[in-house]
Amino acid sequence: MSTAVVDVTVRPLVAGDLAALDRMERTLFGISAWSRQMLADELVGPGRTYVGATLPGGSLVGYAGIWFDGRDAQVMTVATDPGYQGRGIARRMLGVLLERARDLRAESVLLEVRVDNAPAIHLYESLGFTQLGRRRGYYQPENVDAWTMQLLLPRPAADEGER
Ligand SMILES: CC(C)(COP(=O)(O)OP(=O)(O)OC[C@H]1O[C@@H](n2cnc3c(N)ncnc32)[C@H](O)[C@@H]1OP(=O)(O)O)[C@@H](O)C(=O)NCCC(=O)NCCS
């Protein structure tokens with residue numbers, strides 16, 4: 001299979017995406033997968049921004065979301081269909097979400113990631129995230145630790161002096 005960068009459209013997720021989301025979520029996260037109801041609640045939850053990556057034909061091949069709490073943004077999830085990984089899709093989606101966090105004037109973006117998830121850790125580090133600390137047994141029932149990671153979003157100089 002080619003691993004060339006694939007041309008996807010990154011757009012907001014809508015309720016009509018739930019069936020595809022549910023399938024991908026169970027494939028990618030197994031016993032830790034969110035239920036379809038949890039996914040539905042997330043899409044419309046307060047402060048949430050969820051995006052999906054679609055192929056030219058419209059098929060959903062990735063999704064990602066953040067929650068802005070009024071101060072910081074938290075990455076809630078990032079996932080790419082196994083058949084399309086390694087082609088820049090998660091990087092594209094996170095780029096859109098980091099832009100959204102900047103527009104919301106978030107001070108930082110935070111996330112948790114399994115300490116054994118090398119692809120995700122490389123992705124986050126390549127975007128400038130750094131490790132803040134280790135949370136023991138954060139992922140249950142597997143009992144796997146998480147790194148907490150942070151990306152500071154300094155305000156543009158033009159904003160200084162604004163109230
Ligand atoms: C982590 C995940 C979202 C990455 O998605 P992706 O679309 O394949 O990522 P991209 O192609 O945009 O890759 C971006 C960067 O991630 C890193 N990366 C991706 N796959 C990698 C791998 N297999 N090994 C090491 N680094 C990898 C690289 O730094 C890569 O940048 P580069 O191609 O310039 O070297 C994907 O592997 C996935 O869905 N995993 C299962 C769900 C998951 O673990 N989500 C994260 C929860 S915190």
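The values are calculated or read from the model by the stated rules, or taken from the named source; none is laboratory data. Source: prediction; values computed, not measured. Note that each Cβ is placed from the backbone with ideal geometry, even for glycine, and that neighbours are counted across all protein chains shown. Side chains are part of the model used for accessible areas, which takes the heavy atoms of the whole protein and leaves out ligands, DNA and RNA. Shrake-Rupley method; radii C 1.70, N 1.55, O 1.52, S 1.80 Å.
The rows are residues; the columns are (1) within 14 Å of Arg11 (Cα to Cα); (2) open to solvent by less than 30 Å² (accessible area, probe 1.4 Å); (3) assigned to a helix (DSSP H, G or I).
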position	(1), (2), (3)
Asp41	no, no, yes
Gly52	yes, yes, no
Ala64	yes, yes, no
Gly70	no, no, no
Met76	no, no, no
Ala79	no, yes, no
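Limited to region 1-38, what total is found for residues that are open to solvent by 80 Å² or more (accessible area, probe 1.4 Å) and more than 14 Å from Tyr50 (Cα to Cα)?
10
Output the residues belonging to region 19-33 that are closer than 12 Å to Ala79 by Cβ and touching a residue at least 24 places away in the same chain (Cβ under 8 Å).
Scanning region 19-33 gives Ala20, Leu21, Met24, Glu25, Thr27, Leu28, Phe29, Ser32.
Among the residues of region 79-95, is any farther than 17 Å from Leu28 by Cα and among the polar types (S, T, N, Q)?
The answer is no; no qualifying residue exists.
Of the conditions (1) of a type in the set (Val, Ile, Thr); (2) within 22 Å of Ala101 (Cα to Cα); (3) assigned to a helix (DSSP H, G or I), Ile31 fails just one. Which one is it?
Among (1) of a type in the set (Val, Ile, Thr); (2) within 22 Å of Ala101 (Cα to Cα); (3) assigned to a helix (DSSP H, G or I), the lone unmet condition for Ile31 is (2).
Taking Arg102 as meeting all but one of (1) modelled with pLDDT of 95 or more; (2) away from the ligand (no atom under 15 Å from the Cβ); (3) outside any helix (DSSP H, G or I), write down the number of the exception.
(3)
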